[in-house]
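For reference, the structure discussed in these notes is given below.
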Amino acid sequence: MIEVNGLAHVVLTVSQWDKAHAFYAGLLPFLGMRKVYDGNNFLYHVGGRTAIGIQRCAEGMETERFNQNRIGLHHLCLRARTREDVDKAAEQVRALGGRIDRGPVEGDWAPGYYYFVFEDPDGIRLEVNFIPGKGLLATDPPMNPSRDPNWNQNVEPPKF
């Protein structure tokens, strides 16, 4: 057995390159991530023991949009250090014109779970959360996979 040391990176493929580039170029540095590459087809930021990249989709795929219920990624969640950081991140997403689906609000997935869910210009769903203490690693935590009625609900695309 090994113990992983965090999530090294996630690369998201986007169809609306210019809008997504502007969105992530404004969001990721705000989240404490440093830009290490910015090219015509790829943007990459590193920080918080992980990295996030966005890449331009293949030619002919520009009309595609993300669907969280297809095979593959459902959503990407980034952990904040405080509830206040969740609130600040939500303010930044709003300032960038992002669509916030819900929150910031408390959830029942773990004790003290506080989060918001939002979408990038392609509808890729992301979350920023805060869980105090050891979260689900606490003694006998009440894991709740979700009683949220909106969990798999298809929502309107963001207006960018």
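Worth a mention:
- Taken as a whole, region 63-85 holds at least one residue that is part of a helix (DSSP H, G or I) and touching a residue at least 24 places away in the same chain (Cβ under 8 Å).
- Filter pass, residue 122 being outside any loop (DSSP other than H, G, I, E, B), at pLDDT 75 or above, buried (at least 16 other Cβ atoms within 10 Å of the Cβ) and touching a strand residue (DSSP E or B) at 6+ places or on another chain (Cβ under 6 Å): no
- Residues that are surrounded by fewer than 17 Cβ atoms within 10 Å (Cβ to Cβ) and within 30 Å of residue 60 (Cα to Cα), drawn from region 1-12: 8, 9, 10, 11
- Residue count for region 1-24, restricted to those that are free of Cβ contacts under 8 Å to residues at least 12 places away in the same chain and part of a loop (DSSP other than H, G, I, E, B): 4
- Taking the listed residues 73, 31, the one that is modelled with pLDDT of 95 or more, of a type outside the set (Lys, Arg) and within 20 Å of residue 118 (Cβ to Cβ) is 31, with no other qualifying.
- The one condition in (1) of a type in the set (Asp, Glu); (2) at pLDDT below 95; (3) surrounded by 17 or more Cβ atoms within 10 Å (Cβ to Cβ) that residue 156 fails to fulfil: (3)
- Residue among 43, 27 that is crowded, with 18+ Cβ neighbours inside 10 Å, in contact with a helix residue (DSSP H, G or I) (Cβ under 8 Å, 6 or more places away or on another chain) and not in a strand (DSSP E or B): 27
The values are calculated or read from the model by the stated rules, or taken from the named source; none is laboratory data. In this text the structure is predicted, and so the values were computed from the model without any measurement. Every residue, glycine as well, gets a Cβ built from its backbone with ideal geometry; the counts of neighbours run over all protein chains shown.
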